[in-house]
Amino acid sequence: MGSTPGAHSQPALFRLRQFRQPGALSVLAVLVVLVIVPLFFMVLASFRPEGLLPLDPGPFTVSPYLEAFTGADFRPIIRDTLLYAGLGVLFALPIAFVFAFLTERTDMPLRNSMYVLMFVPMSTPVFATALGWVLLLGPRGGTVNVYLRALFGIDSGEGPFNIFSMTGLVFVHVLGIIPTMWLFLTAVLRQMDPALEEAALASGASRWQVLRTVTAPLMRPGVAAVGIYFFVTGLESLELPLALGPTAGIELLSTKIFFSLLPSADLGVNYGIPAAFGMLGLAMGVLGSLIYIRLVRQTSQFAVITGKGYRPRLIALGRWKYVALGAVALFILMKVVLPFAILLYASFLRFYVPPVLEFAADMRWTLLHYTRLLDYRFFGSYFVNTLIVAVEAATLTMLLVSFIGWLVVRRPSKLTDLINVVAFMPLAIPGVISTLALFLMFVGTPLYGTLILLTLAFVARYLAFGTRLMHSAMLQLHQELEEASQASGANNLQTFIRITLRLLIPAFLSGWLWVLVHAAKDFSVALLLASAGSVLVANIVYEAFIGGHFNESAAMLVVLITFNLIFVVAGRKVIGQSIAQ
Amino acid sequence: MIEIRGLGKDFQRAGESVVHALRTVDVTVERGEFFVLLGPSGSGKTTLLRCVAGLAVPDRGEIVLDGVTVYSGDKRILVPPERRGLGMVFQSYAIWPHMTILENVALPLTQKRPRLGKAEIRERVARALALVGLEGMEGRPTPLLSGGQQQRVALARSLATEPVVLLMDEPLSNLDARLREEVRKEIRSLAARLDITTLYVTHDQVEAMELADRIAVMHEGDILQQGSPEELYCRPEDPRVAQFFGSTNWIDGRMRDKDAVETAVGCLAVPDSDTRAIGDAVVVAVRPEDVELIPDAPGAVPEENYFRGRVVSNVFLGDHRVYTIEVGGFPLLARTLASVLVGGDISVRIPRERVCVFRAGSRNEIPSAAGS
Ligand SMILES: Nc1ncnc2c1ncn2[C@@H]1O[C@H](COP(=O)(O)OP(=O)(O)OP(=O)(O)O)[C@@H](O)[C@H]1O
Ligand SMILES: [Mg+2]
């Protein structure tokens, strides 16, 4: 079988090589290093005693688990983490669903602008929303509280609201996840063939009956899957618990990991405890994802492919459309306008005082916080670092997932099935945990503290999203377009570059923009992985916040948000043009 | 020119049973021949074409193009598609939407080694476009072209490098009926003029008859019969081949003699055959246009295969009519230009040499794995 073929008589011939896939193997290797090996390091770390790095020689022990799981703070941490993630989904899901339904199925005014309206909040850092709401709902100086106290004549000097509480945490968290949840739910709604509902209507069922007997049962698995997905997302949320938790006295899994990673003067390295908590988070994530996969499989059974451009009949809202629009407007106000306005206000103040008339005399307006940013360190270093990492992450991720998408769709084999599985694994791993695992893998190596490591962390995090995007884009690309190129004499690589990638440009660009903006607004990777040599804007904002310099961090966040918005708007324009072409 | 020997390909999807897309296919296409692969949906035509192009890898067998082995399962030889030097027209046309007509047609030319100059490429693109009647349209963007124009661009692209072998996969199926007829003629005359060896896939037997020098009829991964259109039409070796070309009267019967079959219609004289024994159950195929209607003339001399019946119904189809004649209780279809009275008695004659006899039950049989 493996003997040399009689190729010498026919020079232009090649050996059979259908089972050799060097490209697929190298992609798999990259994925394994990015996704699986770090987890392996986390497992190792969780069994090492204090003072030892994962690969150091020395004994193994279960004491990190014992220490982590028997501590007095263990039960509250688990309870609060589950409460935070669970309540977040419980409140956000109905709201996001109503918004999605309004956009997809009703004649609400401005429904076509929802994509822009929702993309703006998606690109603002959670930390900015959190800081904004601290300034609005802080128990003492929160603007809303000050006004309410004046209005109702309360002179306790505190309350009535307190953002530093579980309620406050959940409130900001819900605001934060609604936009992305809305995006997912519109997809679920669009997947369903409206003909199924119209058939029920035609057979005499009332709108309400149709909703109950056809729409709801068909959508339930899809909506539940979205809920589970955001539950796992809730486990990994770090910025918000970090902004509000310590003052509120609430510790979650993510903040526990963060704080126990911080080097303290008296203790040396002790990565066992964060690793043990990481294992716990991983278990929760995997469990959630297993349920998610089951549900998604169920929905795909229901999915009916609809004809191109086929839109369901829109429900006329009548007078209710203003109520609907008002609800959306209220959300945008709470999520974007109010927090951004108060940050903007704070960024021009020398010392913070609430925007209330009685303090007008104390308002010392200044540009100092901005001029300070102009010095070399911020724009020349931290800001550039953030930009470099975001651009690198977006480019690397999208190149990698484009290739994966092509392999999986066009060269299906056992190997590409495996690639697909590994590429989707990050969905099951809460982001904080995958970043922690990368930290444990690279701490003590030369790569630690470089921008490259930060880039890799983002690539690992956005891998699943990108794979999904490029997979469906690839499915829409008719195979014969590539085959025509091959039949014309172009080889695989030429075809991939000249035809496949070129035609995928719109999808590639929107994915690129998405990753760029998300990497630029993300705080958790920077806070967990950055060190002296690789400081990002996020680290500086957090430091200023911790040091009580709210106005400074407000100014930096204003710059970051503005930058992100410009990118989103400009990027959408470019993508629009490339699609129109 | 194209030699395909013992070619086989199976598809196996996870959790599903194996699909034998090609079982054991042997086809030889001579230089300059227009060869059509004809068969119902799912019979493996596209798979065979893609194997020849190198876009699909067969599991066994051998393909030789112009004396060069491009695939051999035994010798483990596989030449990638870009090295086979073929022209190919795809069912979806596969016009690259991000390129102009010029760029589409020029791409195969830019792959030629030694490299062609810019001017040379432009000239050859212009020549290819002129060939398909699109002269001067080089700069047009492609997404707005009509179906017929896209089809022509695809044809021009496949002809630009002046390949000796051209592969086409149902290139006319996306066109409307009139345009299809027009383009069909063009393709035929183009292929003859350029002396191109063409392998053409279709499931439309009219198209196949009009275009082909020879036709191979495929069914579930096997070739049932290959030959000239006339051979296939008049001397089908398999009832499914007969079934494919136009409508047929299928009459069950039993061999009464070496050259006679007892049927419901009566005793039919058939061409002599040694392969069937007396008493064998058979099925007889008679084409409606081979059923001659003879107006009842008293005192006419009864000839061979001469039967009496009654005209039951009549369908007018413009240039001809189809009558149903009840003969011995059997509804026999007859196609004719003449008009006869419905309800009246009539005589029919079936020329012996036009009758085909097949083994009973062979119509619904699954073809055996071994090709003949
Ligand atoms: N990539 C594939 N994976 C699995 N099965 C396939 C694949 N390609 C073709 N088949 C199967 O092989 C058989 C032959 O398919 P093929 O496309 O060659 O048929 P065809 O004769 O071209 O039909 P049509 O006239 O509908 O185009 C079919 O049963 C088909 O389902
Ligand atoms: Mg086909």
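The values are calculated or read from the model by the stated rules, or taken from the named source; none is laboratory data. These numbers come from a predicted model, not from an experiment. Glycine also receives a Cβ, built like all others from the backbone with ideal geometry; neighbour counts cover every protein chain displayed. Quick note on the areas: whole protein, heavy atoms, side chains included, nothing else; ligands and nucleic acids left out. Shrake-Rupley method; radii C 1.70, N 1.55, O 1.52, S 1.80 Å.
Things to note:
Residue by residue, here is whether (1) modelled with pLDDT of 85 or more; (2) assigned to a helix (DSSP H, G or I); (3) among the polar types (S, T, N, Q) holds:
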{"residue": "A:Gln18", "(1), (2), (3)": "no, no, yes"}
{"residue": "A:Gly23", "(1), (2), (3)": "no, yes, no"}
{"residue": "A:Val32", "(1), (2), (3)": "yes, yes, no"}
{"residue": "A:Pro38", "(1), (2), (3)": "yes, yes, no"}
{"residue": "A:Arg48", "(1), (2), (3)": "no, no, no"}
{"residue": "A:Pro57", "(1), (2), (3)": "no, no, no"}
{"residue": "A:Thr61", "(1), (2), (3)": "no, no, yes"}
{"residue": "A:Ala72", "(1), (2), (3)": "no, no, no"}
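- A residue that is within 14 Å of chain B (Cβ to nearest Cβ), under 16 Å from A:Ile404 (Cβ atoms) and touching a helix residue (DSSP H, G or I) at 6+ places or on another chain (Cβ under 9 Å) occurs nowhere in region A:462-471.
- Number of positions in region A:508-534 that are under 22 Å from A:Ala130 (Cα atoms), open to solvent by 30 Å² or more (accessible area, probe 1.4 Å) and of a type in the set (A, V, I, L, M): 0
- Top-ranked residue in region A:440-461 [being assigned to a helix (DSSP H, G or I) and open to solvent by 20 Å² or more (accessible area, probe 1.4 Å); ranked as farthest from the other protein chains (Cβ to nearest Cβ)]: A:Phe442
- Total residues in region B:39-57 satisfying the condition of being more than 16 Å from ligand 2 (Cβ to nearest atom) and either crowded, with 22+ Cβ neighbours inside 10 Å or under 23 Å from the mean Cα position of the chain (by Cα) (or both): the figure is 1.
- Cross-chain or 6+ apart pairs with Cβ under 6 Å, region B:167-181 first and within 14 Å of another protein chain (Cβ to nearest Cβ), then within 16 Å of ligand 1 (Cβ to nearest atom) and small (Gly, Ala, Ser): B:Leu167/B:Ala53
- Flag if B:Val70 is under 18 Å from B:Met218 (Cα atoms) and either buried (at least 24 other Cβ atoms within 10 Å of the Cβ) or at the interface with another protein chain (Cβ under 9 Å from one of its Cβ atoms) (or both): no
- Residue within region B:239-262 that is outside any helix (DSSP H, G or I), under 26 Å from B:Arg287 (Cα atoms), within 16 Å of ligand 2 (Cβ to nearest atom) and away from chain A (no Cβ under 14 Å) present: no
Results for (1) open to solvent by 30 Å² or more (accessible area, probe 1.4 Å); (2) within 23 Å of A:Leu28 (Cα to Cα), shown as yes or no for each residue.
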position: A:His369; (1), (2): no, no
position: A:Phe379; (1), (2): yes, no
position: A:Ala394; (1), (2): no, yes
position: A:Met398; (1), (2): no, yes
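- Conditions (1) within 13 Å of ligand 2 (Cβ to nearest atom); (2) within 21 Å of B:Gly227 (Cβ to Cβ); (3) open to solvent by 50 Å² or more (accessible area, probe 1.4 Å): number failed by B:Thr24: (1)
- From the list A:Ile257, A:Ile332, A:Ile342, the lone residue that is modelled with pLDDT of 85 or more, closer than 27 Å to A:Asn145 by Cα and touching a Gly at 6+ places or on another chain (Cβ under 7 Å) is A:Ile342.
- Some residue of region B:219-227 being within 30 Å of B:Leu167 (Cβ to Cβ) and among the aliphatic types (A, V, I, L, M): yes
- Selected residue (criterion: farthest from A:Leu503 (Cα to Cα)) from residues of region B:124-149 that are crowded, with 21+ Cβ neighbours inside 10 Å and within 14 Å of another protein chain (Cβ to nearest Cβ): B:Ala128
- All conditions but one from (1) in contact (Cβ under 8 Å) with a residue 12 or more places away in the chain; (2) not in a helix (DSSP H, G or I) apply to B:Gln149; the one that does not is (2).
- Looking only at region B:28-38, residues that are within 16 Å of ligand 2 (Cβ to nearest atom) and either on the phi > 0 side of the Ramachandran plot or at pLDDT below 90 (or both) come to 0 in all.
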